[in-house]
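> Below are the structure tokens for one structure; questions will follow.
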Amino acid sequence: MRHVSRRHFLAGAAVATTGTALLGRAPAALGQQVRELQVWHTEVEPQTVKTIQDTSIAEFEKKFPGFKIKQQALGWGDLNTKLLAALAAGSPPDLTHLNPFMTASLYTKNLLRPMDELIRALGEKDIHEATLKLQYFDGKYYGVTHAMGATYFAERRDLREAKGLKPPETYTDMLTLAAALTDEGKRWATQMPGEKLYMGFVHPAEWLAGNGGSWVEPKTWRPQLNGKPMLEALDYAQKLNKFMPQGWSGQKYLDTLAALATGKIAMAHLSGARTIGYIERYAPETMRDPDHFQPMFRPHGPQGRVGISALDGENWAVFTQSKYPNEAFEFLRLFYKKEHYMKYCHSVPIHLTPIFKSMINDAEYLSNPRIKKWRSWHDFMVRGLNEHRFLPIGFSRPEDNLVPFLAELDGSGIVADMVVEVMVGGKDPKAEADRAQKRAEELLTQLGAKRWS
């Protein structure tokens, strides 16, 4: 990564944000009272929170004694709701993570500050292409991803291989595998998390992307919730439900990881490298290794060619309403400082894959003991990036980063209601999809996003 002086960086940040002048003056010089910089992020692991505190926050507070940073760790499911409420109240944090599907909505409302100077300071060409331009509008950057991860199945590899079956490529393959791995009364094939964000946005987006579909028609923005790709996906999900434990919709994401580690299920439907921590904590000691647990790509539907998983990579954003925008950018410069960022990525190894291409294959990064032990999981992540198997959370196609109402569609619960009624309620997929389509068209009309006649 290329480094720049603080004076040069703040000068650029000031031009890119408020146009006003800290320019080389320490914030303390503006007043003796201690000011609080509000930083929200989505990494809730205690060791990660501590790492941020001990590295970039500690250095920031040392350099700028007039400021204290208050970090708040929020789970995925809480971020969107809490952040939209804070923006509506006119009091957002100075710096926050955003789910990528929220960014276009906030950009069109003129709520985001550009961060081109930061991107250039970090090394624009070194940031991985999978994440570089997720928050890029009208020739400017409005976000930078904190780290990369991905969602996929985590499987009991040994159980699948004992059945003589290969990793599934199609919906039909997955249903065959699920039937083979289900041992009623002892072990179920798989389990989904029941939270609304996953059921209503993450998985449906993956199903659409892996079955030749999309949330909306590209030109008219008319919703496509009752189109053939979604109907086929709903039929698949309803059939997959037969191989999941009763009551799964009331269970949370982390519950599914524990169920995999303890042998209650053979595949966690929503997994990532964070699963390794649950395997090492809860699986029998003789099974805490890649011979028993491996990641597995999503299957594709009849209209698709390859299964698509969600790229887990929330982006940092600074708001037009942020109280201390220049200091927020200065904190980010310290956050990505190599020695700090390396420790951050190592706080949840593999799950927090660096955004910098030079670091992904860096010997120091790969020397982490957990990465060395679970190297096949790291290689799986790199393979998925190279093969374009990942799309940002909630995206059905790359161009969804320009759709300005995905945050509102997620927040409405329309898609989640449809999926739960089909899977848990056993309702007819076509009827539920038609109902969801009507509700989505009404929502977009209310938002002023209707382009169809």
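> Run the simple label-point estimate for residue 438 and residue 138 please: 7 Å along Cα→C-beta, distance reported in nm.
With each label point 7 Å from Cα toward Cβ, the separation is 3.8 nm.
> Skipping prolines and chain starts, which residues have an amide H placed within reach, meaning under 5 Å, of the one on residue 141, given they are 5 or more residues away or on another chain?
Here the answer is 115, 116, since their amide H atoms fall under 5 Å of that of residue 141.
> Starting from the Cα of residue 166, step 7 Å along the direction of its Cβ; do the same at residue 305; then give the gap between the two resulting points in nm.
Here the modelled spin labels are 1.9 nm apart.
> Still on this model: Suppose the chain between residue 383 and residue 219 were pulled fully straight at 0.36 nm per residue; how much longer would it get relative to their current alpha carbon spacing? Walk me through the intermediate numbers first.
Working: separation 164, 0.36 × 164 = 59.04 nm, distance 3.24 nm.
Taking 0.36 nm per residue and subtracting the Cα distance, the gain is 55.8 nm.
> So, one more: Which FRET efficiency, nearest 0.05, do residue 246 and residue 183 yield, Cβ-Cβ r, R0 22 Å?
Using R0 = 22 Å, I get an efficiency of 0.90.
> Going by the alpha-carbon gyration tensor, a ≥ b ≥ c the square roots of its eigenvalues, is the range 239-375 rounded (a/c under 1.5) or, if a/c is not under 1.5, prolate (a/b greater than b/c) versus oblate?
Working: a/c = 2.01, a/b = 1.51, b/c = 1.33.
Verdict is prolate for the range 239-375.
> Given the peptides 46-53, 154-161, 206-213, arrange them by the average over their residues of other C-beta atoms within 10 Å, most packed first. It would help to have the intermediate numbers written out before the result.
On the way: 46-53: 15.9, 154-161: 20.2, 206-213: 25.5.
Final packing ranking: 206-213, 154-161, 46-53.
> So, one more: For the range 174-186, take each phi angle, set θ = phi - 60°, evaluate the Karplus expression 6.51 cos²θ - 1.76 cosθ + 1.60, and give the result in whole Hz per residue in order, putting x for glycine and proline.
Calculated HN-Hα couplings, in order: 5, 5, 5, 5, 4, 5, 5, 8, 7, 10, 4, x, 10 Hz.
> Applying a 10 Å radius around every beta-carbon, put 131-142, 329-340 in order of their mean neighbour count, most first.
In descending order of packing, they fall as 329-340, 131-142.
> Oh, and also: By its C-alpha gyration tensor, with a ≥ b ≥ c as the square roots of the eigenvalues, how is the range 405-453 shaped: rounded for a/c under 1.5, else prolate for a/b larger than b/c, else oblate?
Verdict is oblate for the range 405-453.
> Determine the gain in length on full extension of the stretch residue 445-residue 125; use 0.36 nm per residue of separation and subtract their C-alpha separation, reporting nm with one decimal.
Full extension of this stretch gives 111.2 nm more.
> For the residue pair residue 82 and residue 173, what label-to-label distance in nm results when each label sits 7 Å from Cα along the Cα-to-beta-carbon direction?
4.0 nm
> Gain in length, residue 50 to residue 368, computed as 0.36 nm per residue apart minus the alpha-carbon separation, to one decimal in nm?
Working: separation 318, 0.36 × 318 = 114.48 nm, distance 1.81 nm.
Extra length from residue 50 to residue 368 when fully extended: 112.7 nm.
> Step through the residues of the range 420-427 one at a time and calculate ³J(HN,Hα) from phi using the Karplus curve (6.51 cos²θ - 1.76 cosθ + 1.60, θ = phi - 60°), rounding each to whole Hz and writing x for Gly and Pro.
Taking θ as phi minus 60°, the curve returns 5, 4, 6, 7, 7, x, x, 6 Hz for the range 420-427.
> Cross-link list 133/357; 228/450; 109/357; 82/338; 82/239: which exceed 26 angstrom alpha carbon to alpha carbon? Write down the numbers at each step before the final one.
Details: 133/357 15 Å; 228/450 21 Å; 109/357 32 Å; 82/338 31 Å; 82/239 35 Å.
Cα-Cα > 26 Å for 109/357; 82/338; 82/239; rest within.
> Right, another one. Return the Cα extents of the chain along principal axes one, two and three, sorted largest first, each rounded to a whole Å.
Answer, in whole Å and largest first: 68, 60, 34 Å.
> What is the sum of charges, Lys and Arg at +1 and Asp and Glu at -1, for the other residues whose Cβ falls under 13 Å from the Cβ of residue 445?
On the way: positive: 222, 438, 439, 450, 451; negative: 408, 441, 442.
Its environment carries a net charge of +2.
> Using +1 on the beta carbon of Lys and Arg, -1 on that of Asp and Glu, and nothing else charged, what's the dipole of the chain about the Cα centre, debye to 20? Display every interim value, and only then the final one.
Numbers: 57 positive and 51 negative charges, 131 e Å.
Using only the charged Cβ atoms, the result is roughly 620 debye.
> Could you rank the peptides 361-368, 190-197 by their average count of other C-beta atoms within 10 Å per residue, with the highest value first? Provide the component values of the computation, followed by the final result.
Details: 361-368: 12.8, 190-197: 22.1.
Listed from highest to lowest mean packing, they are 190-197, 361-368.
> Using a Förster distance of 35 Å, how high is the FRET efficiency between residue 228 and residue 109, based on the Cβ-Cβ distance and rounded to 0.05?
Numbers: r = 34 Å, r/R0 = 0.96.
The value I calculate is 0.55.
> What is the set of long-range amide H partners of residue 225 at a cut-off below 5 Å, with H atoms built 1.01 Å from backbone N?
none
Rule-based calculations on the coordinates, nothing more; no lab input. As the structure is a prediction and not an experimental result, all values here were calculated from the model. When we count neighbours, we look across all protein chains shown, and the Cβ atoms used for this are built from the backbone with ideal geometry, even at glycine.
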